[in-house]
Structures are given as C-alpha cells and as structure tokens.
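The values are calculated or read from the model by the stated rules, or taken from the named source; none is laboratory data. Computed from a predicted structure; not experimentally measured. Glycine also receives a Cβ, built like all others from the backbone with ideal geometry; neighbour counts cover every protein chain displayed.
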Amino acid sequence: MLTPIEHRLLQRLLMSPNQVVSTTILIQYAWVTDTDHAESNKLHVYIKKLRSKLGEDSSNPEYIINVRGAGYMFILDTIN
C-alpha cells in the first residue's frame, strides 16, 4: 500500500515517463496543501520509500532515477 504522498509522487512521475520531473514540481504535486513544510529532504525520503515498495535496490534503482540537480524520472522500458 502506498501513502497518499507516495501515490501522488508515483502518479506525477508516470505522467511524464522517461522525462525528468523537477523536484519543485514533485514537491508541489505531492504536498498540495503543505508546500511550506515540504522540502527536498522529505522528497528524498519519500522517493526512497517508494523505491523500496517497488522492490528496487536503493543502491541501483531501475525505475526511479535521480537526475542530479534536476529532479527524478521514471524509466519505462520501451523495448517489447
């Protein structure tokens, strides 16, 4: 089960597969009512929890990739 914040993060990442979504956009989307207290540190923690729930190895993520200084992207395998 995903928390509401994890769900919104995943939903936003899936809206733009294989594209970088900025940390600012993710924070605004996930913390719709509490953006003053949401910060990149919290985002990092929730991304780590989300990766774990997706079964990812945090040292070698396959789906949610950090693009340093830009944000995160969800990698969808386009090869069938």
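Points worth noting:
- Set side by side, the residues Met73, Met1 differ, and just one is more than 10 Å from the chain's Cα centre (by Cα), of a type outside the set (Asp, Glu) and outside any helix (DSSP H, G or I), which is Met1.
- If you check Leu9, Leu14 for being surrounded by 17 or more Cβ atoms within 10 Å (Cβ to Cβ) and modelled with pLDDT of 95 or more, only one passes: Leu9.
- Only one of the numbered conditions (1) in a helix (DSSP H, G or I); (2) within 11 Å of the chain's Cα centre (by Cα) is not met by Ser52, and that is (2).
- Whichever residue in the range 2-53 is without any contact (Cβ under 8 Å) to a residue 12 or more places away in the chain and hydrophobic (A, V, I, L, M, F, W, C) and, among such residues, is farthest from Asp77 (Cα to Cα): Ala38
- Any hit, the range 59-69, residues being surrounded by fewer than 15 Cβ atoms within 10 Å (Cβ to Cβ), among the polar types (S, T, N, Q) and assigned to a loop (DSSP other than H, G, I, E, B): yes
- Long-range neighbours under 7 Å by Cβ, at least six apart or interchain, first residue without any contact (Cβ under 8 Å) to a residue 24 or more places away in the chain within the range 58-77, second among the β-branched types (Val, Ile, Thr) and in a loop (DSSP other than H, G, I, E, B): Glu62/Ile75; Tyr63/Ile75; Ile65/Ile75
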